[in-house]
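Note sheet for the following structure.
Read-outs throughout are calculated quantities, based only on the coordinates presented, and are distinct from any laboratory measurement. Bear in mind that the values here come from a model prediction, so they are computed numbers and not experimental data. With ideal geometry, Cβ positions are generated from the backbone for all residues, glycine too; neighbour counts draw on all protein chains shown.
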Amino acid sequence: MPRVKKIAVTGASGLIGSALVAQLKSDGHEVQKIVRRPVRTSDEVSWNPIKGEIDLQALAGVDAIFHLAGAGVGDKRWTASYRSEILNSRLLGTTTIATACEQLQPDVFISASAIGYYGETGDRSVTETDRGGSDFLSIVCREWEAVANLAPSIRTIKLRTGLVLDPTGGALGRMIPLFKFGLGGKLGSGKQWWSWITLHDQIRAMIFLMNSKIEGAVNLTSPNPVTNQEFTAALAMALKRPAIFPAPAFALRAVLGGFSTEVLGSKKVIPKVLVDNKFEFDYPHVSSALTTLVE
């Protein structure tokens, strides 16, 4: 019987965080949600990442800390002020948690990052040892990961997460209604690579990493990235709808602003660390993943 662990989670109300908390509780662990508002229940811990404050006493004896909090990159247009919020929310929050880890000495510190680290890869496959890019999100991810290293005495994992698929939120949640009405289609040229993972496998991989001896950067993506055209065709087939209304690049740039670079850009990312450590994906192929998610 696995030992019951005390596990703390920031960003516990987000798409990934809420699923992680639910699974950890289902597995019998004691979970503490680190929240910015005043605590309401006994399983909550208060923090103020802007001021660098956190309730260390409430976290005493914690075995693992998952740090998932940060301003959403697709939530608003990338004005100068929102770019600052995207960066600062990650740097200040991660600094606060990493500093706390040095005092709390958990077994592992697992900090969110993203495949945005790699920038534009075109048709070139990249793994964890490849260099980072030079665009805005690449710089954000590089600095974000650097402050996660402020807990040098703790085994630290940086999760470079790809496009997380779940019908209740994220990109897929926004795409399904359009496709159901027959208004879906490829985005831009459709030739750009999308590196994806189901929320189900995302959570399984995070818990697998927590229980492993792995450290450093880990790509959380399926071993089988697809082009946007392949993705949209698979989604249309799963929903039994046509995919005949492509969204031109200029329209996406007009609607999404800076975030359009993430939709139109190409990232062909391979999860070498997970594969080398024999992690088995329940959904390695996009067609079966989407069929399961939308049924």
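Listed values, structure above:
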| quantity | calculated |
| --- | --- |
| Rounded if a/c under 1.5, otherwise prolate or oblate - segment 138-220, Cα gyration tensor axes | prolate |
| Cα long-axis angle, helix 15-26 against the chain (0 to 90 degrees, to the nearest 10) | 50 |
| Cα long-axis angle, helix 136-148 against the chain (0 to 90 degrees, to the nearest 10) | 20 |
| Additional length obtainable on full extension of the chain from residue 139 to residue 4, 0.36 nm per residue less Cα span | 44.8 nm |
| P(r), alpha carbons of segment 97-152 - 10 Å bins starting at zero, rounded % | 23, 43, 25, 9, 1 |
| Gain in span if fully extended, residue 178 to residue 131, counting 0.36 nm per residue against the direct Cα distance | 13.3 nm |
| Computed FRET value (nearest 0.05) for residue 40 with residue 224, which takes r as the C-beta separation and R₀ as 51 Å | 0.75 |
| Cα-based helix-to-principal-axis angle, 199-210 vs the chain, degrees rounded to 10 | 30 |
| Cross-link partners of residue 25 among lysines (Cα-Cα below 19 Å; sequence separation of 8 or more within a chain) | 5, 6, 33 |
| For segment 147-169 and segment 205-222, distance of Cα centres in Å | 9 |
| Segment 44-125: C-alpha gyration tensor shape, a/c 1.5 cut-off, then a/b vs b/c | oblate |
